[in-house]
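Derivation of every value follows stated rules applied to the coordinates shown; laboratory data play no part. No experiment lies behind these values; they were computed from the predicted model shown. Note that we place each Cβ from the backbone using ideal geometry, even for glycine, and neighbour counts take in every protein chain shown.
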Amino acid sequence: MKVRGFTLIELIITLLIGSLLLAWGVPNYRDFKIRREVVDNTNEFVYSMNLARAEAVRYGTTVTVAPVNNDWSEGWITMATGLDGNPDFKIEEHDPVNNIVVTFTTNPGGSLSFTRIGGLSGSSEAVFSLTHANATASRNVRIGMSGSVRVEQP
């Protein structure tokens, strides 16, 4: 009678190969997850800026994006300036971003306004830096005077 199954040596070799693959894959997965988190939050930030610009043109008024508690990492609020004595109204409120530090390098803590024709108000373009908390991944968001939004890798 022939016995079927695995020998102890075959089992040990299989476990060794599996553990080597895990040791190689886990750090790569962690780095991938961090990069993905930065990219996802950058995309949400770009969406909010493009929304503010589009709503400024749509309503024909100034739309302001301001940080919550003067900290962009705690989220931001998009508000349209009221016309004809009407109060300002909120378009969007973004929740705090986890593990990401958002820095407004042009005007720290300040707000950002789009004019009724979609341009950026002020005298210079705006540059934001979105960096992961452990500083291994980051993206820059540059908003030109025309209101166009561009993502750059530092």
* Under the rule of -39500 (n - 2.57) per DSSP H run of 4 or more residues, summed and divided by the residues of the chain, what mean residue ellipticity at 222 nm is obtained, to the nearest 500 deg cm²/dmol? -> -12500 deg cm²/dmol
* To do: Pop the C-beta distance of VAL68 and VAL26 into the FRET formula with R0 = 30 Å and round what comes out to the nearest 0.05.
  => 0.30
* Structure fact -> Descending packing, highest mean Cβ count within 10 Å first, for 12-25, 141-154, 111-124 is 111-124, 141-154, 12-25
* Structure fact -> In degrees rounded to 10, the 0-90 angle between helix 8-59 Cα long axis and the longest Cα principal axis of the chain is 10 degrees
* Structure fact -> Check: C-alpha center region 62-105 vs C-alpha center region 5-19, spacing in Å is 57 Å
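With a ≥ b ≥ c the root eigenvalues of the C-alpha gyration tensor of the chain, is it rounded (a/c under 1.5), prolate (a/b larger than b/c) or oblate?
Details: a/c = 3.96, a/b = 3.23, b/c = 1.23.
Prolate, since a/c reaches 1.5 and a/b exceeds b/c.
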* Label-point separation (nm) for SER121 and MET145, each offset 7 Å from Cα along Cα-to-Cβ? -> 1.7 nm
